[in-house]
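Just below is one structure, and these are the notes that go with it.
The values are calculated or read from the model by the stated rules, or taken from the named source; none is laboratory data. These numbers were taken from a predicted model, which means no experiment stands behind them. Counting neighbours? That spans all protein chains shown, and the Cβs are built from the backbone with ideal geometry, glycine included.
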């Protein structure tokens with residue numbers, strides 16, 4: 001161990017005459033620890049929200065939608081051409097529209113989606129979310145979310161009506177399945193039936209609203225969308241899941257950045273305390289500095305002693321905060337003891353996804369700020385004149 005580090009460690013661990021300085025050191029360490037821990041947890045939670053919402057959206061919806069304003073009439077040919085492409089994992093026709101759901105005398109607006117049950121499982125994961133019934137749908141069968149089922153006390157086999165938005169005619173359906181996607185927006189407002197029933201409901205005859213595509217890599221959706229748009233021309237409207245939910249993910253990204261900046265200020269304030277500690281420590285150790293210089297210590301060595309002292313405080317707080325943040329993230333991910341109102345946050349529990357690169361950036365940033373806080377006090381200590389410091393001793 002170099003003698004500069006040895007002296008810095010002794011200053012850090014020794015009982016000081018001025019207990020106030022020791023108290024501020026403890027407060028600074030705890031401040032940095034709390035700031036680092038809060039940053040790690042906040043960023044992990046924001047990553048969890050982003051990942052959870054992304055997963056819910058792409059599991060209930062296709063990665064790419066191909067639509068025409070008036071519906072696609074000869075869709076079988078296009079369906080076959082798309083199914084032959086190697087970069088597409090699954091294709092399925094669909095019909096999307098708004099309708100009114102009538103249960104006894106109660107009426108509510110829903111998104112009604114007509115699906116082809118055989119191929120729908122290749123495009124979405126709606127079949128994996130079923131908690132009752134199956135996707136083997138007849139023209140009179142309908143699939144509803146569990147939130148909708150609980151709101152109107154519906155069970156398998158119960159009858160309800162769907163009012164057509166075109167003619168105002170009521171079509172009778174029977175609940176054939178109930179799904180639980182874990183996302184309130186879908187579980188409360190999305191209902192599904194087969195293509196034939198949706199065609200009658202929306203008066204589309206033999207046409208479908210569009211074709212949904214699923215990719216092996218969902219992050220290739222934007223590139224494939226641009227390619228398909230060029231191939232199919234302007235008569236088709238090609239959209240991907242990223243563009244459809246751009247506002248949501250942009251808001252999440254902005255919120256993540258804002259939370260990072262706000263919580264980072266805690267670390268910044270705590271690190272500025274390091275500068276205060278070192279300034280007071282320099283005043284307390286003026287005699288020691290004079291003696292060290294008198295026996296041959298250079299200005300660089302003196303500067304190094306107080307820089308290392310500040311780094312020890314910064315590293316102690318950072319290490320404590322990183323350990324606490326990682327532990328808390330693991331507890332939140334494993335036990336899910338914080339529950340959220342689903343109608344506000346879409347999901348049931350606080351999601352956590354810790355990325356090591358984020359933690360590394362936070363830890364590195366905290367140590368760097370602590371290092372910068374030592375520059376002025378260490379420089380002042382190095383500039384002390386040994387004759388002046390020992391004159392009255």
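Whether any residue in region 293-311 is touching a residue at least 12 places away in the same chain (Cβ under 8 Å) and more than 16 Å from residue 374 (Cα to Cα) is what I want to check. Scanning region 293-311 turns up at least one residue that is touching a residue at least 12 places away in the same chain (Cβ under 8 Å) and more than 16 Å from residue 374 (Cα to Cα).
Let's see how each residue does on (1) in contact with a helix residue (DSSP H, G or I) (Cβ under 6 Å, 6 or more places away or on another chain); (2) touching a residue at least 60 places away in the same chain (Cβ under 8 Å); (3) in the same structural domain as residue 51 (by TED's automatic domain parsing); (4) surrounded by 20 or more Cβ atoms within 10 Å (Cβ to Cβ):
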{"position": "144", "(1), (2), (3), (4)": "no, no, no, yes"}
{"position": "152", "(1), (2), (3), (4)": "no, no, no, no"}
{"position": "162", "(1), (2), (3), (4)": "no, yes, no, yes"}
{"position": "170", "(1), (2), (3), (4)": "no, yes, no, no"}
{"position": "197", "(1), (2), (3), (4)": "no, yes, no, yes"}
{"position": "220", "(1), (2), (3), (4)": "no, yes, no, no"}
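Filtering region 346-386 to residues that are under 24 Å from residue 57 (Cα atoms) and in contact (Cβ under 8 Å) with a residue 40 or more places away in the chain leaves 346, 347, 348, 350, 351, 352, 353, 354, 355.
Select, from 148, 112, the only residue that is touching a helix residue (DSSP H, G or I) at 6+ places or on another chain (Cβ under 6 Å), buried (at least 18 other Cβ atoms within 10 Å of the Cβ) and assigned by TED's automatic domain parsing to the domain that holds residue 95.
Numbers: 112 fails: touching a helix residue (DSSP H, G or I) at 6+ places or on another chain (Cβ under 6 Å).
Going through 148, 112 in turn, just one is touching a helix residue (DSSP H, G or I) at 6+ places or on another chain (Cβ under 6 Å), buried (at least 18 other Cβ atoms within 10 Å of the Cβ) and assigned by TED's automatic domain parsing to the domain that holds residue 95: 148.
Considering region 134-211, the qualifying helices (runs of 4 or more DSSP H), each wholly inside and each with 1 or more residues that are under 29 Å from the mean Cα position of the chain (by Cα), run over 146-151, 184-189. When 88, 126, 95 are checked against the criterion of being touching a strand residue (DSSP E or B) at 6+ places or on another chain (Cβ under 9 Å), surrounded by fewer than 22 Cβ atoms within 10 Å (Cβ to Cβ) and closer than 24 Å to residue 75 by Cα, a single residue qualifies: 88.
Listed here are the residues, each with its yes/no results for (1) out of contact with any strand residue (DSSP E or B) (no Cβ under 7 Å at 6 or more places or on another chain); (2) surrounded by 13 or more Cβ atoms within 10 Å (Cβ to Cβ); (3) on the phi > 0 side of the Ramachandran plot; (4) modelled with pLDDT under 80.
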{"site": "242", "(1), (2), (3), (4)": "yes, yes, no, no"}
{"site": "248", "(1), (2), (3), (4)": "yes, yes, no, no"}
{"site": "253", "(1), (2), (3), (4)": "yes, no, no, no"}
{"site": "260", "(1), (2), (3), (4)": "yes, yes, no, no"}
{"site": "264", "(1), (2), (3), (4)": "yes, yes, no, no"}
{"site": "276", "(1), (2), (3), (4)": "yes, yes, no, no"}
{"site": "280", "(1), (2), (3), (4)": "yes, yes, no, yes"}
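When region 308-346 is filtered for residues that are touching a helix residue (DSSP H, G or I) at 6+ places or on another chain (Cβ under 9 Å), in a loop (DSSP other than H, G, I, E, B) and either surrounded by fewer than 17 Cβ atoms within 10 Å (Cβ to Cβ) or not assigned by TED's automatic domain parsing to the domain that holds residue 377 (or both), the ones remaining, listed by number, are 337, 338, 341.
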